[in-house]
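I have placed the structure first, in the form of structure tokens, so that the comments after it can refer back to it.
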Amino acid sequence: MNQMLSDVSLPFLPEEIVTDIFKRLPVKSLIRFQCVSKQWKNLIKAPSFVQEHLHHHTTHQNPSLLIEHFRRNNLLNLCLLDREMQFRELENLPSIGSLMGVHVVGSCHGLICLTDYSINPPAPLLWNPATRDVRRMPVTLADFPVFGHFGFGFSPPKNDYKIVRFYGTNMIYKVEVYSLSTGSWKDLHFDNIKDLSIFGDGVTIKGVMFWYGSRRGAVIKGSDVIISLDLATEVFTVTPSPASLSHVGVKLAVCEEKLVIISRLQMVNSQGACIYFGVMEEGVRGSFEGRWSLRRIYGYDCDPFQLYVGTIWMNRIVCFAYGMNRLIGETEVKMENAEPKCGLYIINISTNERNWFAIPGPRHGYCASVCNYVESLVQIGDIQH
């Protein structure tokens, strides 16, 4: 039964009906259906169907939360938290050495960008867990020994996926961009950001990538900035961040196609600790000028240094929690043997409902990052020209 059933008569259905059914199915089922007939295989592998399937799953289904978790031996473990709040470990991780020193940059259209810090300069790779397609990007000829941060995103005008890499930590020495369509790296002009420090990897909205940064050597409020890069024009823009925030513990995220800024828990007054939550209310463009809507979410009777903000997922703020033996609020959770445990503390932005989710696996470990993930049929090789 290894041969396709190309000669078997299948019940006739118009192709538009088959397409409408198939676009709602998970990738695993569609991969199996490719073995039913050549007609189905051609339909499922067609670029137009891949895009239609992706569009349906990004607009009509909630994404999963991709969790980068390191166990006690510093080996990478990736798992997904779905909309039913069920964990599933990602299996068949790509072959990238010992998985020590590997970091998740981000996810876009079902592709996960990883960097391997065991190589200098770090070598990024792209992986589609649903199709098991994986490609390591070529190593550049850069001779800078100090590496910095990355970004991964999609440019709709160019129909291209790009990886951005910064060299330098306290200041920027060099910026490169990798285009998946051309399969090559090139240097970017960065004179207007060379005196900035960048904190964390980037997030992408509508073809514009954003990083949080600060003017080098500045420690006063008002020195923090948001750096944006239009992936189509490859031009950087710098705008001030909300003046009330400090860059310590700040994360950029995406919520309903808007840029969001969230800060770590801070003790502010008798009401206890809070998270600062800000939304860019106006349109996001490469040279954007936006109005921030800032608010505080109060009511966390805990040590704020036990929680670290991660991202926005399904209108919820996701935080990492370390060594917590009691949940904040009315619900008290006793950790078994009071041993350290890494978990997720998730706060509903609309209702302020809070829940704790312990990450499956060994007690000792830590979360490195979280991001939204939607499975897709996107094949990395099909993007390259």
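The values are calculated or read from the model by the stated rules, or taken from the named source; none is laboratory data. Here the structure is a predicted model, which means the values were calculated and not measured. All Cβ positions, even for glycine, are placed from backbone atoms using ideal geometry, and neighbour counts span all protein chains on display.
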- Task: Could you identify the single residue in 148, 153, 207 that is over 14 Å from residue 232 (Cα atoms) and either among the basic types (Lys, Arg) or crowded, with 19+ Cβ neighbours inside 10 Å (or both)?
- Result: 148
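From the list 164, 134, 175, pick out the single residue that is in contact with a Phe, Trp or Tyr (Cβ under 7 Å, 6 or more places away or on another chain), in contact (Cβ under 8 Å) with a residue 12 or more places away in the chain, of a type outside the set (Phe, Trp, Tyr) and more than 20 Å from residue 211 (Cβ to Cβ). Can you show your working first?
Working: 164 fails: more than 20 Å from residue 211 (Cβ to Cβ); 175 fails: more than 20 Å from residue 211 (Cβ to Cβ).
Result of the check over 164, 134, 175: 134.
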- Query: Which numbered condition trips up residue 91, out of (1) loosely packed, with under 13 Cβ neighbours inside 10 Å; (2) in contact with an Asp or Glu (Cβ under 6 Å, 6 or more places away or on another chain)?
  - Reply: (2)
- Query: Does any residue of the range 290-309 turn out to be at pLDDT 70 or above, outside any loop (DSSP other than H, G, I, E, B) and buried (at least 21 other Cβ atoms within 10 Å of the Cβ)?
  - Reply: yes
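Please report, ordered by residue number, the strands (runs of 3 or more DSSP E) entirely within the range 319-385 with at least 3 residues that are modelled with pLDDT of 85 or more. First the steps, then the outcome.
Working: elements: 342-348, 354-358, 365-373.
By residue number, 342-348, 365-373.
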- Message: Take residue 87 and tell me if it is aromatic (Phe, Trp, Tyr), in the same structural domain as residue 251 (by TED's automatic domain parsing) and either in contact (Cβ under 8 Å) with a residue 60 or more places away in the chain or farther than 23 Å from residue 311 by Cα (or both).
- Response: yes
- Message: Looking at the structure I just gave you, is residue 238 in the same structural domain as residue 151 (by TED's automatic domain parsing), at pLDDT below 95, in a strand (DSSP E or B) and more than 24 Å from residue 372 (Cα to Cα)?
- Response: yes
- Task: Could you tell me whether any residue of the range 131-141 is within 16 Å of the chain's Cα centre (by Cα) and not aliphatic (A, V, I, L, M)?
- Result: no
- For the range 104-125, pairs from a residue that is in a strand (DSSP E or B) and surrounded by 20 or more Cβ atoms within 10 Å (Cβ to Cβ) to a residue that is polar (S, T, N, Q) and modelled with pLDDT of 75 or more, with Cβ under 6 Å and 6 or more apart or across chains, are 104/369; 105/115; 111/128; 124/115
- Query: Applying the selection to the range 156-166, what residues are of a type outside the set (Ser, Thr, Tyr), buried (at least 21 other Cβ atoms within 10 Å of the Cβ) and either under 15 Å from residue 127 (Cα atoms) or out of contact with any Leu (no Cβ under 7 Å at 6 or more places or on another chain) (or both)?
  - Reply: 162, 163, 165, 166
